[in-house]
Amino acid sequence: MPRETVPAAVRARAVELAEPMPMRRGSVSERSMKCGRKDCRCQHDPLARHGPYYSLTRAEGGKTRSRYLTAEQATLAREQVEAGQGFRTHLEAYWQACEQWADAQLDGPAAVSHEAVKKGASKRRSKPRSSARSTRS
Ligand SMILES: [Zn+2]
């Protein structure tokens, strides 16, 4: 069987994926906190709480790892997180393009006899991989 040429859609997705950039998984959060001093206004007045404090959080193998960030770092980290989400989107698009390509291969001349069976099952809706992400904006 001759090596197939890469479909344009797959090639285009691969180019998107190959764009290196700093990116990360996780999220940046911002919050204000009470301090330990009993006489501090923050104990009773939510507006007098200290901060905001920024932190970067990421679940990693069942553990949550986090670190504090300065406001400047937080801005940068948010961009990195966004870049990571963009990468996931591109990765998903790449998967889909490759799977269409793979389907075309299955449905090609070599698989004519199986076509009737496949038609019913391949609705391209199936998401076998457990997508851990639920937040997509
Ligand atoms: Zn305080």
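Search region 11-29 for residues being of a type outside the set (A, V, I, L, M) and open to solvent by less than 100 Å² (accessible area, probe 1.4 Å), and hand back the single one that is nearest to the ligand (Cβ to nearest atom). Step through it out loud before you land on a result.
So in region 11-29, the residues of a type outside the set (A, V, I, L, M) come out as 11, 13, 16, 19-20, 22, 24-27, 29.
Add one more test, that the residue is open to solvent by less than 100 Å² (accessible area, probe 1.4 Å), and what stays is 13, 16, 22, 24, 26-27, 29.
Values: 13: 51, 16: 47, 22: 35, 24: 31, 26: 28, 27: 26, 29: 20 Å.
Only one residue fits best here, namely 29.
Can you tell me which residues in region 35-69 are open to solvent by 70 Å² or more (accessible area, probe 1.4 Å) and hydroxyl-bearing (Ser, Thr, Tyr)?
53, 64, 66, 68
Filter region 18-51 down to the residues that are in a loop (DSSP other than H, G, I, E, B) and hydroxyl-bearing (Ser, Thr, Tyr) and list them by number. Before you say what the answer is, go through the steps one by one.
Filtering region 18-51 down to residues in a loop (DSSP other than H, G, I, E, B) leaves 18-26, 34-40, 44-45, 49.
Once the filter is applied, which keeps residues that are in a loop (DSSP other than H, G, I, E, B) and hydroxyl-bearing (Ser, Thr, Tyr), region 18-51 yields nothing.
So, in region 91-106, of the ones that are among the small types (Gly, Ala, Ser) and more than 18 Å from the chain's Cα centre (by Cα), which residue ends up nearest to residue 15 (Cα to Cα)?
The selected residue is 102.
Restricting to region 30-65, name every residue that is on the phi > 0 side of the Ramachandran plot and more than 16 Å from the ligand (Cβ to nearest atom). Working first, answer last.
Going through region 30-65, the residues on the phi > 0 side of the Ramachandran plot turn out to be 51, 61-62.
Selection gives 61, 62.
The values are calculated or read from the model by the stated rules, or taken from the named source; none is laboratory data. Please read all numbers here as calculations on a predicted model, not as lab measurements. So basically every Cβ, Gly included, is an ideal-geometry build from the backbone, and we count neighbours across all protein chains shown. The protein model used for the area step is the full one, side chains on, heavy atoms only, and it has no ligands, DNA or RNA in it. Shrake-Rupley method; radii C 1.70, N 1.55, O 1.52, S 1.80 Å.
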